[in-house]
Amino acid sequence: MQIIYPVMGFLNRIPFTISRLNSMVISFIRVVILGLMLVNPGPDTDWKIRRDVDGVMVSTRKVAGSPFEEFRAEMNIPNTSLTKVLDVIMDVKSYPQNFPNCGGAKVLEQKSKYHDIHYLIISTPWPVANRDAIYEANTTFSSNGKYARISLVPLGNYIAVDPKYIRVYNGSGFWELQEADDHVVKVVYQFHADPGGEIPGWIANSVIVINPYKTLESLRNIVTGKQN
């Protein structure tokens, strides 16, 4: 009996010991994961804010394998609706009047109201040659209609190359619209592109901020009636 009781006591302590060990292991794993998150906080934390003026914020980040940075522009538009903002973004024929550096725009194929393939001429300052590009813009909506995402995919070979311009073949991006209950629409415009030709990355990156900033500023002015 003196032998049995110590053994039974040891056996009775085994579940507690294993449970405590499991708890210690889980706690250790949590600490390790937290440490990794602090060292490598994730894909969206490497954005660098380059301009934050009058409610429009533009950030950029490096893209692996490319000398050209990606931009992300954000703003909120009060007292409006998602569809009102979306209608302006999808009004391709008005791009030259509405948005900066657009020397021409036309729809090549209208697949549905919010899905098209369109052609753009991008005006650039001398001595850089003007660019042209073809994009498929396809909009998807959330089930409640309060969120929309417009994906932008280049289709450089969709039509023949015009020798007057340098064709943009590579790049992609999107618009995101989120309407809140108080009728504030959050707008996100994110894009990465290779402009082609002989433009060095450092030159393109030095001017990557102003165009998306002016684009969102113009979009807000149109939606709110401050721009004709």
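Side notes on the structure shown:
- The numbered conditions (1) more than 27 Å from Lys62 (Cα to Cα); (2) in contact with a Lys or Arg (Cβ under 8 Å, 6 or more places away or on another chain); (3) of a type outside the set (Asp, Glu) are all true for Tyr114 except (2).
- Within segment 155-165, not a single residue is assigned by TED's automatic domain parsing to the domain that holds Ile49, surrounded by 17 or more Cβ atoms within 10 Å (Cβ to Cβ), at pLDDT 95 or above and part of a strand (DSSP E or B).
- Lone qualifier among Ile29, Ile4 - being surrounded by 10 or more Cβ atoms within 10 Å (Cβ to Cβ), among the β-branched types (Val, Ile, Thr) and either modelled with pLDDT of 95 or more or not assigned by TED's automatic domain parsing to the domain that holds Leu120 (or both): Ile29
- Contact annotation: residue pairs with Cβ atoms under 6 Å, 6 or more positions apart or on different chains, pairing a residue in segment 72-83 that is over 16 Å from Arg51 (Cβ atoms) with a partner that is assigned to a helix (DSSP H, G or I), are Ile77/Arg220; Ile77/Val223; Thr80/Val223.
- Within segment 112-137, tally of residues that are within 18 Å of Ser172 (Cβ to Cβ) and free of Cβ contacts under 8 Å to residues at least 24 places away in the same chain: 2
The values are calculated or read from the model by the stated rules, or taken from the named source; none is laboratory data. Predicted, not measured: the structure shown is a model, and the values here were computed from it. Virtual Cβ from ideal backbone geometry, glycine too; neighbours counted across all protein chains shown.
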